[in-house]
1. Would you check if residue 160 is among the polar types (S, T, N, Q), touching a helix residue (DSSP H, G or I) at 6+ places or on another chain (Cβ under 7 Å), surrounded by 23 or more Cβ atoms within 10 Å (Cβ to Cβ) and closer than 21 Å to residue 133 by Cβ?
2. What tally of residues in segment 296-308 results from selecting those that are surrounded by 19 or more Cβ atoms within 10 Å (Cβ to Cβ) and more than 19 Å from residue 89 (Cα to Cα)?
3. Can you pull out the strands (runs of 3 or more DSSP E) entirely within segment 1-118 that have at least 3 residues that are aliphatic (A, V, I, L, M) and modelled with pLDDT of 95 or more?
4. Return yes or no: is residue 191 at pLDDT 95 or above, of a type in the set (Gly, Ala, Ser), surrounded by fewer than 18 Cβ atoms within 10 Å (Cβ to Cβ) and out of contact with any His (no Cβ under 7 Å at 6 or more places or on another chain)?
5. From the list 168, 199, which residue is assigned by TED's automatic domain parsing to the domain that holds residue 140, within 22 Å of residue 323 (Cα to Cα) and either of a type in the set (D, E, K, R) or modelled with pLDDT under 95 (or both)?
6. Could you please give the count of residues in segment 119-159 that are in a helix (DSSP H, G or I), among the aliphatic types (A, V, I, L, M) and in contact with a Lys or Arg (Cβ under 8 Å, 6 or more places away or on another chain)?
7. Step by step: first the residues of segment 111-166, then only those that are of a type in the set (A, V, I, L, M, F, W, C) and in contact with a Gly (Cβ under 6 Å, 6 or more places away or on another chain), then the one that is nearest to residue 68 (Cα to Cα). Which residue is that?
8. Starting from residues that are hydrophobic (A, V, I, L, M, F, W, C) and not in a helix (DSSP H, G or I), keep the ones in segment 271-295 and report whichever is farthest from residue 66 (Cα to Cα).
Amino acid sequence: MKAVWYERQGQARDVLVVGDMDDPEPGPGEVRIQVKASGINPGDLKKRQDAFGIGMPYPRVVPHSDGAGVIEKLGTGVPEHRLGERVWCYGAQSYRPHGTAAEFVVVPQTQAVWLPAPVSFEQGACLGIPGITAHRTVHAAGAIEGRTVLVQGAAGAVGSFAVGLASRGGARVIASVRSEVDATVARRAGAHEVLRTDRRTKQEITSAIQALAAEGAVDHVVEVAFDANVEIDTEVLAIGGSICAYATTIPDPAVPFWPLLFKNIRVHFIGSDDFAPEAKLAAAQDLNRLFEAGWLGFTIDRRFPLDQSALAHEYLETRRGSGRVVLLL
């Protein structure tokens, strides 16, 4: 099969190789997917860059954890009816060496999720990491129905999913964005209120959120930039509120301990690789229901062929804007 891989970490054009590999064989309980589209996430770039300082977990890594395609071979113990099924998959390169940047990928059958017929393969390839992460950021702290949820960075992959999941879960959603283009994305996802934060001070942002929130406070925050926004989040949260943070722009952010403590704020740090299996299953089911309920999905910013994977990585690293980047096979 044609595949992309790296055997050392570094810049995309220096380490990514396009070539031929043996077709992977599914083991017991696994399926082999003919990949139609491969989604690229920031985490895929960070692994290749060694941004987490973990080093090479395997001698050869085929990148990308998310993808979509058709099941074309079954391992033992997998029901025959799954052969030929359209699926999206997640975790292909989580604790595994070979991801979806290849013509074929093997995953446990539980990580190959039925893809509803109206949903394209390129949309399916965008669901895994951002969708499952968004689901946990919305639901990990408890019930959201009737509550006010603030989604920081609502135009991003996780943020826009979080907006859709929270609004359809019965929450009133306030979305923060940085541009009018991003505001359109947030409204399209289902935000009830959209706040542009560009060219505003922290105090101006805080006051604007309080003005939009019921009774001047929000109940829960989905946070993309913990270091930059934790002071704002602490100020706008109601007593007993919660934060689910899935990213930070610096690795060792300061924590306003006493303000958080005096408000009894719960802080959850969310990392998608290590969610409990039942949480991933619940997320997958809800993500499919989101599409079936009419959610319009992601804007696809750029599409690249497999042999331009290095260009795709570089584009995602340097662009300024929203929308997903996918490889099409």
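The values are calculated or read from the model by the stated rules, or taken from the named source; none is laboratory data. Since the structure is predicted, the reported quantities are computational estimates derived from the model, not experimental observations. We place every Cβ from the backbone using ideal geometry, glycine too, and count neighbours over all the protein chains shown.
1. yes
2. Going through segment 296-308, the residues surrounded by 19 or more Cβ atoms within 10 Å (Cβ to Cβ) turn out to be 297-298, 304.
Checking which are more than 19 Å from residue 89 (Cα to Cα) leaves us with 304.
Total meeting the criteria: 1.
3. Values: elements: 2-5, 17-20, 30-39, 66-74, 86-89, 104-108, 112-114.
Output list reads 30-39, 66-74, 104-108.
4. Details: at pLDDT 95 or above: yes; of a type in the set (Gly, Ala, Ser): yes; surrounded by fewer than 18 Cβ atoms within 10 Å (Cβ to Cβ): no; out of contact with any His (no Cβ under 7 Å at 6 or more places or on another chain): yes.
No.
5. Details: 199 fails: within 22 Å of residue 323 (Cα to Cα).
The match here is 168.
6. Going through segment 119-159, the residues in a helix (DSSP H, G or I) turn out to be 121-124, 128-139, 157-159.
Then keep just the ones that are among the aliphatic types (A, V, I, L, M); that gives 129, 132, 134, 138, 157-158.
Adding the requirement that they be in contact with a Lys or Arg (Cβ under 8 Å, 6 or more places away or on another chain) leaves 132, 157.
Counting residues in segment 119-159 that are in a helix (DSSP H, G or I), among the aliphatic types (A, V, I, L, M) and in contact with a Lys or Arg (Cβ under 8 Å, 6 or more places away or on another chain) gives 2.
7. Step one: list which residues in segment 111-166 are of a type in the set (A, V, I, L, M, F, W, C), which gives 112-115, 117, 119, 121, 125-127, 129, 132, 134, 138, 140-141, 143-144, 149-151, 154-155, 157-158, 161-163, 165-166.
Then keep just the ones that are in contact with a Gly (Cβ under 6 Å, 6 or more places away or on another chain); that gives 115, 125-126, 144, 151, 161, 163.
Details: 115: 8, 125: 5, 126: 8, 144: 30, 151: 27, 161: 18, 163: 23 Å.
Filtering segment 111-166 for residues that are of a type in the set (A, V, I, L, M, F, W, C) and in contact with a Gly (Cβ under 6 Å, 6 or more places away or on another chain), the one nearest to residue 68 (Cα to Cα) comes out as 125.
8. First, pick out the residues of segment 271-295 that are hydrophobic (A, V, I, L, M, F, W, C): 275-276, 279, 281-284, 287, 290-291, 293, 295.
Adding the requirement that they be not in a helix (DSSP H, G or I) leaves 275-276, 293, 295.
Details: 275: 16, 276: 18, 293: 22, 295: 20 Å.
Residue satisfying both the conditions and the ranking: 293.
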